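**Student:** Here you go, one structure.
The values are calculated or read from the model by the stated rules, or taken from the named source; none is laboratory data. These figures come from a predicted structure and were not determined experimentally. No Cβ is skipped: glycine too gets one built from the backbone with ideal geometry, and neighbour counts run over all protein chains shown. Protein only, heavy atoms only, side chains kept; ligands, DNA and RNA dropped before computing areas. Shrake-Rupley method; radii C 1.70, N 1.55, O 1.52, S 1.80 Å.
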Amino acid sequence: MEPSVLECLGVEIIGVMSPVSICMFLVVLLVYALSSPSSSAATITTAANLVYAENPTDSPAEKFEGALLNAVVFVGLIAIVTFLLVLLYYYNCTAFLRHYTRFSAFFVLASMGGSILLSLLQRFSIPLDAVTSLLLLFNFTVVGVLSVFAGGIPIILRQAYMVCLGIIVAAWFTKLPEWTTWTLLVALALYDLVAVLAPGGPLKLLVDLASTRNEELPALVYEARPTVATRTPAALGFIVAGVSDSEASRIELQVVSRDNVSNNDDEDDIDVNHGRSDEGESSPLVGGMRFGEDVINEEMSPLVEMSGIGDGEEAERVMREIGGERGIKLGLGDFVFYSVLVGRAAMYDLMTVYACYLAIISGLGCTLILLSVCRQALPALPISIALGVLFYFLTRLLMEPFIVGTATNLMMF
């Protein structure tokens with residue numbers, strides 16, 4: 001019995017939610033592992049808390065005012081950097097942007113990842129000498145950069161390192177003060193909404209430029225692609241792709257249909273209606289894949305296989321109805337800020353962790369549903385962050401006192 005289209009779409013949605021869940025789970029474990037009762041919570045000084053350093057003796061009004069200033073300054077810096085990236089991309093400085101992205105990944109894995117490794121070694125008193133630690137960190141970093149940016153790398157390794165990047169950055173952001181963290185999450189969700197949907201939004205301008213040039217954006221993006229070999233049924237479809245900048249995240253729907261694929265194994269030419277040029281360039285929203293001039297390897301597998309539907313026109317009609325295209329892509333910023341929210345909730349108790357996790361996953365599911373309906377670029381942060389923040393405070397202020405009160409009084413409800 002052939003699987004239905006909804007079952008195939010469900011597999012792809014799970015393929016996105018699974019790495020997000022793994023990233024959040026590991027960040028929670030890191031928060032618990034690196035926090036000890038004997039040591040006070042150490043905060044870091046970053047661009048997110050340049051203006052105001054939160055003090056426990058400050059009043060709530062002072063904390064909120066200082067956190068608001070920190071959020072405004074941080075979002076402003078992100079907007080300036082993003083517009084600068086737009087200008088560089090507009091003037092064809094693509095090589096510089098690619099090298100900058102590679103350097104960013106190397107810095108995160110080597111510096112920030114090395115700091116977390118050192119903290120773990122000290123926390124659990126693991127006997128490991130400095131030379132061996134540096135050698136392991138160097139190999140981990142080099143393999144990670146090659147896995148994310150080089151070609152011919154197994155997709156599962158690339159996905160694993162993208163999750164590692166999200167875990168490392170999120171673990172650092174959890175060291176921010178509490179008021180600054182919550183205010184910053186809300187501010188970033190609002191900025192993401194404007195940057196993607198506003199006519200002059202920086203991310204919208206960046207993606208429009210890439211679409212006009214039929215080029216791939218140099219960005220850190222997780223791509224949910226299966227690792228099975230490619231097949232050639234009567235008609236194939238691919239479900240939505242999305243691209244995100246590392247500072248603020250978004251997902252995008254791109255229609256890419258595929259018809260009349262030859263059953264000959266030597267035939268590699270694919271008729272793509274949208275998302276490529278006649279010269280065989282890859283779509284700006286489909287990273288690392290070329291059509292026509294390059295051989296399609298095992299990484300380019302169909303995300304929704306429409307075998308046995310009928311002729312090509314019928315298959316294309318069905319795929320257009322469900323928004324069927326190639327894989328769902330989720331930006332690194334989504335992984336980071338989802339995990340920051342859950343990691344901050346883990347500093348309170350596990351009940352808030354469960355509530356925030358369910359809220360974030362529900363928000364991500366709603367975003368993917370809206371994506372298939374609207375079929376245009378959508379921000380991935382606002383719904384999930386709004387639900388996560390709301391559920392955190394509702395759980396902390398209402399549910400936990402109720403549950404604890406009934407449990408301590410041996411009441412059933």
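**Student:** As an exercise: evaluate Val194 against (1) in contact (Cβ under 8 Å) with a residue 12 or more places away in the chain; (2) closer than 19 Å to Phe337 by Cβ and give the number of the one condition it does not meet.
**Tutor:** Against the list (1) in contact (Cβ under 8 Å) with a residue 12 or more places away in the chain; (2) closer than 19 Å to Phe337 by Cβ, Val194 comes up short only on (1).
**Student:** Still on this model: Anything in region 198-220 that is within 18 Å of the chain's Cα centre (by Cα), hydrophobic (A, V, I, L, M, F, W, C) and either open to solvent by 60 Å² or more (accessible area, probe 1.4 Å) or modelled with pLDDT under 85 (or both)? List them, or say none.
**Tutor:** Val207, Leu217, Ala219
Residue-by-condition table, conditions (1) open to solvent by 30 Å² or more (accessible area, probe 1.4 Å); (2) part of a helix (DSSP H, G or I); (3) over 25 Å from Tyr392 (Cα atoms); (4) in contact with a helix residue (DSSP H, G or I) (Cβ under 7 Å, 6 or more places away or on another chain):
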site: Leu135; (1), (2), (3), (4): yes, yes, yes, no
site: Val145; (1), (2), (3), (4): no, yes, yes, yes
site: Tyr161; (1), (2), (3), (4): no, yes, yes, yes
site: Ile168; (1), (2), (3), (4): no, yes, no, yes
site: Thr180; (1), (2), (3), (4): no, yes, no, yes
site: Leu184; (1), (2), (3), (4): no, yes, no, yes
site: Leu188; (1), (2), (3), (4): no, yes, no, yes
site: Leu193; (1), (2), (3), (4): yes, yes, no, yes
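**Student:** Now, a different point. How many residues does region 61-85 contain that are touching a residue at least 24 places away in the same chain (Cβ under 8 Å) and of a type outside the set (A, V, I, L, M, F, W, C)? Steps first, answer last, please.
**Tutor:** Kept after step one, since they are touching a residue at least 24 places away in the same chain (Cβ under 8 Å), are these residues of region 61-85: 63-64, 66-68, 70-75, 77-79, 81-83, 85.
Adding the requirement that they be of a type outside the set (A, V, I, L, M, F, W, C) leaves 63, 66, 70, 82.
Number satisfying all stated conditions: 4.
**Student:** Given the structure, is Glu223 charged (D, E, K, R) and surrounded by fewer than 21 Cβ atoms within 10 Å (Cβ to Cβ)?
**Tutor:** no
**Student:** Please determine, by comparing only the residues of region 107-117 that are aliphatic (A, V, I, L, M) and more than 17 Å from Thr174 (Cβ to Cβ), which one is most open to solvent (accessible area, probe 1.4 Å).
**Tutor:** In this case the residue turns out to be Ala110.
**Student:** Now, a different point. Identify the single condition in (1) under 26 Å from Leu26 (Cα atoms); (2) open to solvent by 30 Å² or more (accessible area, probe 1.4 Å) that Tyr90 does not satisfy, given that it satisfies every other one.
**Tutor:** (1)
**Student:** The conditions are (1) part of a helix (DSSP H, G or I); (2) modelled with pLDDT under 90; (3) open to solvent by 90 Å² or more (accessible area, probe 1.4 Å); (4) hydrophobic (A, V, I, L, M, F, W, C), and Leu9 fails exactly one of them. Which is it?
**Tutor:** Of the numbered conditions (1) part of a helix (DSSP H, G or I); (2) modelled with pLDDT under 90; (3) open to solvent by 90 Å² or more (accessible area, probe 1.4 Å); (4) hydrophobic (A, V, I, L, M, F, W, C), the odd one out for Leu9 is (3).
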